[in-house]
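Participant: Dropping the structure in here first, questions after.
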Amino acid sequence: MKFLFLLLSFFSSVSVFGQKLGVYDLRVEHLENPLSVDAAKPRLGWKISSSLKNTLQTGYEIRVGTDEKGIRSGKQLVWNASVKSDQSVLVPYGGAPLKSKQRYYWQVRVKDNHGNTSPWSSVQYWQTGLQAGDWTAKWIAVAEKDTSSRSPLMRKAFDLKKRVKSATVYVTAKGLYEAYINGRRVGDSYLTPGWTSYRNHLQYQVYDVTGLLQSGANAIGVTLGDGWYKGRIGFNHQRRFYGDTRALLMQLEVAYTDGTKEVVNTDESWLSSYGPIVASDVYDGEVYDARQEKTGWRTVSYTADASWKPVRIIEKGTEQLVGMSGPTVKKHEVFKALKVFKTPAGETVADFGQNLVGWVVLKAKGPAGTKITLSHAEVLDKAGNFYTTNLRSAKAQNTYILKGDAEQSFEPHFTFQGFRYVKIEGYPGEVSPEQLAAVAVYSAMETTGKLSTSNALLNQLQHNIQWGQKGNFVDVPTDCPQRDERLGWTGDAQAFANTAAYNMDVAGFFTKWLKDVKADQHKNGNVPFVIPDVLTPNDAGAAGWADASTIIPWSMYQAYGDKGILEAQFDSMKAWVDFMTSRSKDNLWNTGFHFGDWLFYRPDDDNDGRAAVTDKYMIAQCFYANSVQILINAAKVLGKPDIEGKYEDLLKNIKTAYVQEYMTPGGRLISSTQTAYVLALQFDMLPESLRAQAADRLVQNVRSYGNHLTTGFLGTPYLCHVLSRFGHTNVAYDLLMQESYPSWLYPVKMGATTIWERWDGIKPDGSFQTPNMNSYNHYAYGAIGDWMYRNMAGINQSSPGYKGIVIQPVPGGKLSSVSAELSTPYGSVASAWKIEDGLFKLRVQVPANTKATVILPAPILKSGAETGTTTTVGSGVYEFECRLDK
Ligand code: BGC
């Protein structure tokens, strides 16, 4: 028996690991098996595994067809290609024109430079979306004017006469929807259809619902909520920004086994009523009255009572409907309550140990009419009491009214909260931690980066950066997730984009958001402060905010090698640059409103000539130059030489104007701040000969503040990068390891579990910063993550998308080890180092179909002898050593 087991495990390990070459993780437009692809030529990608070092792809074969089983035998193929090429990422589909609402199956195999051919990959698929003309469903709403705060229910019972082979449902809403078929939830996405610039784009989702249907009688039940469409969004209690009528559009396409089809649409045959959701709002939370539940209304056996009325058809059109280009929002980590306790004020509060975004699932049982209220807070005040003043006008409260039956589990449907603590009021009896669970809810992005060090505080910082990202990547990149704001602030997003792309796969997430950047951009090229834009037309055009329109496409191109993003955004990038030019005189952009270096350090007692206040127009001139530089870079990538030439000249003039206006002949800047020097150096504003002295001035400034940073949103992302670039990585480490305010580790020492909006959200004496702007979950300052991956761990690229990799870790900060891993479009890059007995020991992993240049901090030791510091390797795992004291 034991022998048989050994034999079996031998053979199974041969089949898994014995393969020299393999393909895995197939992607279409960055996504896995997407169901609503709009692109005419979707781009396909795969990763390669190899048991041999130095593996490069030399060619690939692809089969695409409409018949899953036939694909292996070459039946019904629409593309069958054998191509000599090393391209394995974003390979454009090259077959026959694609049809709409069709599933395409595909597989790939590759050849390598060692003469191996991989087996065919598993069969994966993508599905094309609906064209505007394919929609036969009609928009439906409640019969009367949609003025109730209650959530409407929409129901349809129908018969399927034959055996169902497959079924796909296409669904979207004005507002938010939650759909059920035969009592079972359609999909596991939340807050759908997601938030876009609704006036320009509305996403629909596609679900394979084959498993939810049955031959014979079926029923669909959908609930609608206000969401961003109709609820409160933006400032001044603004409601109904996009429209006042919640509506549903749903098209269920059923294929029978006999080859015939049936379509079930939203139309005048649907009925509507109201259910238990009495009110729901993104900022304010939800009120759910279980006594109003209509038991079984989403199933066939339900008989509609008199409250059900025929729906109203509304003309809303289908022109703006788009498929998904990013992930939907899903449930992720679940946190148990660590404890439930009484605060000094006598309130009952639960602590989940992590500031997170999502909601609490509550189990409760009690007499009918019992009203339980859950309020949410990020922090407790100095005295240990529940603190919500920093939520401003957001109620962030979920209320459940019991119906008096057995224990029931409650959770909200059309809202979310940012919180670590929950206050429970009205619970019948004692509430125990087991009755509560906090669910983290955010866009379903794959985790791509890991980073850990020998320093526990730094590890907590990395944790906080990741949780700042999770909490604020809820369909759009938001500034904060808790107060009455939660908007797609462009400045915050651009500051954090590079770090975001290390931590998680944000290619789809930003592709989707950038479409709205373009859509909401003003005709004159000006870019709103927030995207989707829910503010006024005047709220646009701030330096470092509007530049999200150039910075993020470029950053995504670097991270994923996706020229398509540059292509799609190029006009928008150029329009923003041209807008700045139109507002400039003599090449100086010194007009308009700017936020400047938002939330920089403001000492109360700064009377010795140092300062952290940076001239706003000086900042604007730097970002102007940077955006022009990015436009030139993009023009190079896309082969637009005319544009390149024209903007090269403009860039020279912008820099000359900067030097004349803001720098003394000796190289001193008119604002003697960290941010001024950081931006001047990061964006190459100064003549070469004056850069080193400027970097020295930056170092002096940091030293004069006792190794503290004083930068705000705009200077912070580049601070350590500039120090490293000019040979001052030791100073960058001094800043990073600084534990007192202002610094990255100060909030960590104060118990933060996310990144704070302000360097001193909680002051050393335990008191709070001003409540009108004091979020404890604001990712901008987490932008240091990019430097940590690039410099501490040393994971960089020499060509976009990590086809060319550079691994160049720089030790410092008294760290004895750092270990990081990044899942790139080619596979995993890893860099782990430790210092032992004066030796720096580095282990790297390089994925197939890439090359890496490895640069050590000192000459590499090979069999005891020293060689150069630099070496180039192909794929595989390698170990290096060098002596650090050299
Ligand atoms: C937001 C910021 C944003 C800023 C603009 C704030 O209210 O929370 O993060 O960038 O306004 O200055």
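Residue-by-condition table, conditions (1) assigned to a loop (DSSP other than H, G, I, E, B); (2) closer than 30 Å to Trp756 by Cα:
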| site | (1), (2) |
| --- | --- |
| Asn777 | yes, yes |
| Gly812 | yes, yes |
| Val818 | no, yes |
| Asn849 | yes, no |
| Val854 | no, no |
| Ala858 | yes, no |
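Participant: Any chance you could count how many residues in region 844-875 are over 25 Å from His728 (Cα atoms), in contact (Cβ under 8 Å) with a residue 24 or more places away in the chain and open to solvent by 20 Å² or more (accessible area, probe 1.4 Å)?
Facilitator: 2
Participant: Could you please let me know if Val476 is under 29 Å from Ile755 (Cα atoms) and of a type in the set (A, V, I, L, M)?
Facilitator: yes
Participant: Consider only pairs whose beta carbons are under 6 Å apart and that are at least six residues apart or on different chains; among these, list those whose first residue lies in region 156-176 and is on the phi > 0 side of the Ramachandran plot and whose second residue is aliphatic (A, V, I, L, M).
Facilitator: Short answer, once both residue conditions are applied: Gly175/Leu224.
Participant: Which ones in region 102-119 are in a loop (DSSP other than H, G, I, E, B) and touching a residue at least 60 places away in the same chain (Cβ under 8 Å)?
Facilitator: Scanning region 102-119 gives His114, Asn116, Ser118, Pro119.
Participant: Right, another one. Counting only residues that are open to solvent by 20 Å² or more (accessible area, probe 1.4 Å) and either within 36 Å of the chain's Cα centre (by Cα) or on the phi > 0 side of the Ramachandran plot (or both), how many does region 331-370 have?
Facilitator: Going through region 331-370 one residue at a time, the tally reaches 17.
Participant: Failed condition for Thr550, given (1) within 22 Å of Ile619 (Cα to Cα); (2) surrounded by fewer than 23 Cβ atoms within 10 Å (Cβ to Cβ), with all others met?
Facilitator: It is condition (2) that Thr550 fails.
Participant: Of all residues in region 451-488, which are more than 19 Å from Lys749 (Cβ to Cβ), away from the ligand (no atom under 11 Å from the Cβ) and of a type in the set (A, V, I, L, M)?
Facilitator: The answer is Leu451, Val474, Val476.
Participant: Moving on. Please go through region 461-476 and pick out each residue that is polar (S, T, N, Q) and either in contact with a helix residue (DSSP H, G or I) (Cβ under 6 Å, 6 or more places away or on another chain) or more than 13 Å from Tyr502 (Cβ to Cβ) (or both).
Facilitator: Selection gives Asn464, Gln466, Gln469, Asn472.
Participant: Out of region 373-395, which residues are under 26 Å from the mean Cα position of the chain (by Cα), open to solvent by less than 30 Å² (accessible area, probe 1.4 Å) and more than 23 Å from Gly751 (Cα to Cα)?
Facilitator: Ala394
Participant: Turning to a different aspect of this structure: Could you go through region 433-443 and let me know if any residue there is within 16 Å of the ligand (Cβ to nearest atom) and within 10 Å of the chain's Cα centre (by Cα).
Facilitator: no
Participant: Here's something else I'd like to know. Inspect all residues belonging to region 345-356 and state whether any of them is in contact with a strand residue (DSSP E or B) (Cβ under 6 Å, 6 or more places away or on another chain), charged (D, E, K, R) and within 30 Å of Ser36 (Cβ to Cβ).
Facilitator: For region 345-356, residues in contact with a strand residue (DSSP E or B) (Cβ under 6 Å, 6 or more places away or on another chain), charged (D, E, K, R) and within 30 Å of Ser36 (Cβ to Cβ): absent.
Participant: Another question, if that's okay. Looking only at region 587-613, filter to residues that are open to solvent by less than 60 Å² (accessible area, probe 1.4 Å), away from the ligand (no atom under 15 Å from the Cβ) and within 18 Å of Thr711 (Cβ to Cβ); which one of those is modelled with the highest pLDDT?
Facilitator: Tyr601
Participant: Moving on. Ala575 versus (1) within 13 Å of the ligand (Cβ to nearest atom); (2) surrounded by fewer than 23 Cβ atoms within 10 Å (Cβ to Cβ): which is the lone unmet condition?
Facilitator: (1)
Participant: Among the residues of region 123-130, is any over 34 Å from the mean Cα position of the chain (by Cα), over 29 Å from Ala217 (Cα atoms) and of a type in the set (A, V, I, L, M)?
Facilitator: Within region 123-130 (the criterion being over 34 Å from the mean Cα position of the chain (by Cα), over 29 Å from Ala217 (Cα atoms) and of a type in the set (A, V, I, L, M)), the answer is no, since none of the residues qualifies.
So that you can scan it fast, the table gives a plain yes or no per residue for (1) in the same structural domain as Trp756 (by TED's automatic domain parsing); (2) farther than 30 Å from Tyr180 by Cβ:
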residue	(1), (2)
Ser393	no, yes
Asn398	no, no
Ile401	no, no
Asp405	no, no
Pro412	no, no
Gln417	no, no
Gln435	no, no
Lys470	yes, no
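Participant: Restricting region 495-523 to residues that are open to solvent by 10 Å² or more (accessible area, probe 1.4 Å), within 18 Å of Met580 (Cα to Cα) and in contact with a helix residue (DSSP H, G or I) (Cβ under 6 Å, 6 or more places away or on another chain), which is nearest to the ligand (Cβ to nearest atom)?
Facilitator: Ranking the candidates gives Gln521 first.
So that you can scan it fast, the table gives a plain yes or no per residue for (1) crowded, with 16+ Cβ neighbours inside 10 Å; (2) not assigned by TED's automatic domain parsing to the domain that holds Asp562; (3) not β-branched (Val, Ile, Thr):
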| site | (1), (2), (3) |
| --- | --- |
| Ser49 | yes, yes, yes |
| Glu61 | yes, yes, yes |
| Val64 | yes, yes, no |
| Leu77 | yes, yes, yes |
| Ser88 | yes, yes, yes |
| Val91 | yes, yes, no |
| Gly94 | no, yes, yes |
| Arg103 | yes, yes, yes |
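Participant: Now for a separate question. Determine whether Ile424 is more than 30 Å from Asp760 (Cα to Cα) and open to solvent by less than 40 Å² (accessible area, probe 1.4 Å).
Facilitator: Considered against the rule, which asks whether it is more than 30 Å from Asp760 (Cα to Cα) and open to solvent by less than 40 Å² (accessible area, probe 1.4 Å), Ile424 comes out as no.
Participant: If you don't mind, another one. Could you say whether any residue in region 762-774 is open to solvent by 10 Å² or more (accessible area, probe 1.4 Å), in contact with a Leu (Cβ under 6 Å, 6 or more places away or on another chain), of a type outside the set (S, T, N, Q) and in a loop (DSSP other than H, G, I, E, B)?
Facilitator: no
Residue-wise test of (1) part of a strand (DSSP E or B); (2) touching a Lys or Arg at 6+ places or on another chain (Cβ under 8 Å).
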{"residue": "Tyr207", "(1), (2)": "yes, no"}
{"residue": "Gln214", "(1), (2)": "no, no"}
{"residue": "Ile220", "(1), (2)": "yes, yes"}
{"residue": "Tyr229", "(1), (2)": "no, yes"}
{"residue": "Asn236", "(1), (2)": "no, no"}
{"residue": "Arg239", "(1), (2)": "no, yes"}
{"residue": "Asp244", "(1), (2)": "no, yes"}
{"residue": "Gln251", "(1), (2)": "yes, no"}
{"residue": "Ala255", "(1), (2)": "yes, yes"}
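Participant: State whether the residues of region 832-841 include one that is at pLDDT below 95, within 16 Å of the ligand (Cβ to nearest atom), over 28 Å from the mean Cα position of the chain (by Cα) and part of a loop (DSSP other than H, G, I, E, B).
Facilitator: Looking through region 832-841, none of the residues is at pLDDT below 95, within 16 Å of the ligand (Cβ to nearest atom), over 28 Å from the mean Cα position of the chain (by Cα) and part of a loop (DSSP other than H, G, I, E, B).
Participant: Filter region 274-301 down to residues that are surrounded by fewer than 19 Cβ atoms within 10 Å (Cβ to Cβ) and in a strand (DSSP E or B) and give me whichever is farthest from the chain's Cα centre (by Cα).
Facilitator: Tyr274
Participant: Another question about this same structure. Here are some conditions: (1) of a type in the set (S, T, N, Q); (2) within 16 Å of the ligand (Cβ to nearest atom); (3) open to solvent by less than 10 Å² (accessible area, probe 1.4 Å). Thr536 meets all but one. Which one does it not meet?
Facilitator: All conditions pass for Thr536, except number (3).
Participant: Checking Asn796 against (1) without any contact (Cβ under 8 Å) to a residue 60 or more places away in the chain; (2) within 27 Å of Pro603 (Cβ to Cβ), which single condition isn't satisfied?
Facilitator: Going through the list (1) without any contact (Cβ under 8 Å) to a residue 60 or more places away in the chain; (2) within 27 Å of Pro603 (Cβ to Cβ), Asn796 breaks only (2).
Participant: State the number of residues belonging to region 787-804 that are open to solvent by 10 Å² or more (accessible area, probe 1.4 Å) and either within 16 Å of the ligand (Cβ to nearest atom) or touching a Pro at 6+ places or on another chain (Cβ under 9 Å) (or both).
Facilitator: Residues flagged as open to solvent by 10 Å² or more (accessible area, probe 1.4 Å) and either within 16 Å of the ligand (Cβ to nearest atom) or touching a Pro at 6+ places or on another chain (Cβ under 9 Å) (or both) within region 787-804 amount to 3.
The values are calculated or read from the model by the stated rules, or taken from the named source; none is laboratory data. In this text the structure is predicted, and so the values were computed from the model without any measurement. Cβ atoms come from the backbone with ideal geometry, glycine included; neighbour counts cover every protein chain shown. Side chains included, ligands, DNA and RNA excluded: accessible areas come from the protein's heavy atoms. Shrake-Rupley method; radii C 1.70, N 1.55, O 1.52, S 1.80 Å.
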